[in-house]
Amino acid sequence: MNNNGTVEVSTGSTAVYLAGVTVPGSFIGGGTNIFHADLAPGFSPGKVDFGGDVVFGAMARLEIELGRTTTEEFDQLTSPGTVDLDGTLDVVPLMNWQPSSDTPNHPANKSSYHYSYRSSSRANPSSGNRTC
């Protein structure tokens, strides 16, 4: 699915995505968005905003492009709620960006980074948006 606009998931509702999703766009409403396939914020770099909780299932793959962090040349995912991570995180250098040799756990000679994660990030909705 390409979301170049807005998907509304109302509070108390759940949307489940079984196929890959490429966005820039917004997922408004206070409902829960569950991903069982790829999510890529899109358009190098891209940003996707959620109005409710976000869940990445065990088969999900989140692709994040990373460039210079000082100029916001990186993909962003924001949510005021809970973000549950379980699956694969692919961090792909943007425009041949390479981390410096002192960046922890990132050898400068790799063209992409693949992580498997199984954790939960419980954001406090009353404390504002969280950016991943």
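Among residues other than Leu39 whose Cβ falls under 11 Å from its Cβ, what is the net charge (Lys/Arg +1, Asp/Glu -1)?
-3
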Can you pull the one-decimal nm distance between simple spin-label points at Leu94 and Ala37, each 7 Å off the Cα toward Cβ?
2.5 nm
How large is the convex hull of the C-alpha atoms of region 10-78 per residue, in Å³?
76 Å³
Neighbour-count order for Ile28, Ile64, fewest beta carbons within 10 angstrom listed first
Ile28, Ile64
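Throughout, read-outs are computed from the coordinates displayed, never taken from laboratory work. Computed from a predicted structure; not experimentally measured. Glycine gets a Cβ as well: all are built from the backbone with ideal geometry, and neighbour counts include every protein chain shown.
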